[in-house]
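Asks: Just passing along the structure, written as structure tokens.
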Amino acid sequence: MYVSSTRSAVDTVLSPDRLSELVGFSVRAARLRIKPGVSVTVSLLRSDTGRSAGWARLLWPGSRVKAAKAAHRANRLGLRTIQRDTGDGLLFQTGEVAADPTLVKHAAAAREAGLLGALEGNLLRYNPLRRLVVRTSQGVVRVTAASQRRANALQEFVSRYLPVPSQLPVPDATDTAHLSLQRFVGDTDLSRHHDPTATIRAGAVLAALHAATDELSGPMRRDLDNKVPSAGNLALVHTHVLNHLDPTLAARVRRLGEAMPPQPRGESVLVHGDASPDQVLLDRCTGRIWLTDFDRVRLAPAAVDLGSYLTQTDSTTAPALLTGYAEAGGRVPSDTQLRGAVARARLERLQDPLRHGDPHWRRRIGIEIDRIEALLEAPPGQNGWQWERSLNRMQSKEAS
């Protein structure tokens, strides 16, 4: 029997017409999780409103048992899933957010604790099989597949040194490792509202986070991951998927991993691990900011955080971040170190166009590879933000 390829399965879920036909109403893919030859899972958005419409996945024959188990768990909780054969050897399954195959039992515990009502209209974020973040009248509820205990402990620790959303007690919940509740703060974030003054504050907050390293207790320090993935391993993560989708892109990514310095340089400090403008919440009336989402906190050179944030800014915003960082006592890495950190962060995020369901992901990943190559080839003596300005010219070319 013919069984569809991973490339064909990805093309299916990225085609709004084909995906809508399988789901039964007009939708598009928002987030993808790809396990070549095993499954392709997507979160769904309604084409008319842009609101969440649940999840869907394509399963290869060896994974069909997963669909039966997911349907059984959902049925026991009064939730509904639908599955059908696609005609090319795969099984298609879809359901509402509360029936997410990995999150279903944790979401049920949140409902039993009175934390969750209707999900689809209140979702702030939903990454299928990983996590959902919901705004409720009680605050912001986070439901995750992985335990939140370490992230919550670290958030409580850093709250002594920098502004973070207040954590609230979870009422009558038996699944506290996978549930958390925190106060809703701000009315936007710095990815949606560009504010140079707030960006200066964000730089100061990162400096405060890094400076808190000396205050870590022995047990907390020992619990933190201090092994930064090598550039080769980062490239391997991407090529594992891209080999099945676009071997030419995969080969280019493999060469990036070989050309890039294996590890970032510098003394290890307490880093956020996913620093970016969307992790900085902002109250536009007061100008207050809060740093959020501590799932990836680790010990690593400070350039890891700065490079991660700078990949999401431009040459006009980037100096504001570094100004705030320096004014708050942070030691700004050299331009060469920053350039390397930005290249590394871009490599880490390379699959984002594909993961976010962009139908033009091949072209966008190709352009991003061009950007990383330009960073690696920039003259060592190039100072200031000349290299960032050259990347902005590439970005303008991409937009056109």
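The values are calculated or read from the model by the stated rules, or taken from the named source; none is laboratory data. Quantities reported herein were computed from a predicted structural model and do not represent experimental measurements. Cβ atoms come from the backbone with ideal geometry, glycine included; neighbour counts cover every protein chain shown. Areas reflect the complete protein model, heavy atoms only, side chains present, ligands, DNA and RNA absent. Shrake-Rupley method; radii C 1.70, N 1.55, O 1.52, S 1.80 Å.
Asks: Amide H to amide H, which residues 5 or more places from S166 or on other chains are under 5 Å from it, using H placed in the peptide plane?
Replies: R183
Asks: Under the rule of -39500 (n - 2.57) per DSSP H run of 4 or more residues, summed and divided by the residues of the chain, what mean residue ellipticity at 222 nm is obtained, to the nearest 500 deg cm²/dmol?
Replies: Rounded to the nearest 500, the figure is -12500 deg cm²/dmol.
Asks: Charges at C-beta only: +1 for Lys and Arg, -1 for Asp and Glu. How large is the resulting dipole of segment 48-178 about its Cα centre, in Debye rounded to 20?
Replies: 300 debye
Asks: For segment 332-341, take each phi angle, set θ = phi - 60°, evaluate the Karplus expression 6.51 cos²θ - 1.76 cosθ + 1.60, and give the result in whole Hz per residue in order, putting x for glycine and proline.
Replies: My calculation for segment 332-341 gives 6, x, 5, 4, 5, 5, 5, 4, x, 5 Hz in order.
Asks: Also, I was wondering about something else. Tell me the trypsin sites (Lys or Arg not before Pro) within segment 166-220 that lie in a loop according to DSSP and have at most 16 other beta-carbon atoms within 10 Å.
Replies: Here the trypsin sites (Lys or Arg not before Pro) that fit, given the DSSP loop and packing criteria, are R183, R192.
Asks: Classify segment 205-311: rounded, prolate or oblate, from the alpha-carbon gyration tensor (a ≥ b ≥ c, eigenvalue square roots; a/c under 1.5 rounded; otherwise prolate if a/b is larger than b/c)?
Replies: The shape class here is oblate.
Asks: Another one. Give the shape of segment 97-246 as rounded, prolate or oblate, defined through the alpha-carbon gyration tensor: a ≥ b ≥ c are the square roots of its eigenvalues, a/c under 1.5 means rounded, and otherwise the shape is prolate if a/b is larger than b/c and oblate if not.
Replies: Note, shape of segment 97-246 comes out rounded.
Asks: So for the chain, taking the charge dipole from beta-carbon charges (+1 Lys/Arg, -1 Asp/Glu), which of V332, V10, I369 sits furthest toward the positive end?
Replies: Working it through, the farthest residue towards the positive pole turns out to be V10.
Asks: So, for segment 226-276, what is the accessible surface per residue at a probe of 1.4 Å, expressed in square angstrom?
Replies: I get 50 Å² per residue for segment 226-276.
Asks: In sequence order, what are the phi-derived ³J(HN,Hα) couplings for segment 136-150 according to the Karplus relation 6.51 cos²θ - 1.76 cosθ + 1.60 with θ = phi - 60°, rounded to whole Hz, with x for glycine and proline?
Replies: Going residue by residue, I get 10, 5, 8, x, 9, 9, 10, 10, 10, 6, 8, 5, 9, 4, 5 Hz, with x marking Gly and Pro.
Asks: Rounded, prolate or oblate: pick one for segment 1-94, where a ≥ b ≥ c are the square roots of the eigenvalues of its C-alpha gyration tensor, a/c under 1.5 means rounded, and failing that, prolate if a/b is larger than b/c, else oblate.
Replies: oblate
Asks: Summarise the accessible area of the chain (1.4 Å probe, protein heavy atoms) by the percent that is carbon and sulfur.
Replies: For the chain, the apolar C and S fraction of the accessible surface comes to 48 percent.
Asks: Going toward the positive end of the dipole of segment 193-263, with +1 on Lys and Arg Cβ and -1 on Asp and Glu Cβ, which of A198, A212, T248 do you reach last?
Replies: In segment 193-263, that residue is T248.
Asks: Return one whole number: the accessible area per residue of segment 84-162 in Å², for a 1.4 Å probe.
Replies: On a per-residue basis, segment 84-162 sits at 40 Å².
Asks: Which net charge results when you count Lys and Arg as +1 and Asp and Glu as -1 among the other residues whose beta-carbon is under 12 Å from that of L79?
Replies: +3
Asks: Next question. If the cut-off is 16 Å between C-alpha atoms, which aspartates and glutamates fall inside it for K66, apart from same-chain ones fewer than 8 positions away?
Replies: Output for K66: D85, D100.
Asks: What is the dipole size for the chain, taken about its Cα centre, with +1 at each Lys and Arg Cβ and -1 at each Asp and Glu Cβ, in debye to the nearest 20?
Replies: For the chain, the charge dipole is close to 900 debye.
Asks: Could you give each residue of segment 273-286 its phi-based ³J(HN,Hα) in whole Hz, using Karplus coefficients 6.51, -1.76, 1.60 with θ = phi - 60°, and x for Gly or Pro?
Replies: Each residue's phi maps through the Karplus curve to give x, 8, 5, 6, x, 6, 8, 10, 7, 9, 9, 5, 6, 9 Hz.
Asks: Read through the labelled values [x] 1.01; [y] 0.91; [z] 1.61 and report the label of the one computed as Cα Rg over 2.2 N^0.38 Å from the structure.
Replies: It is the one labelled [x].
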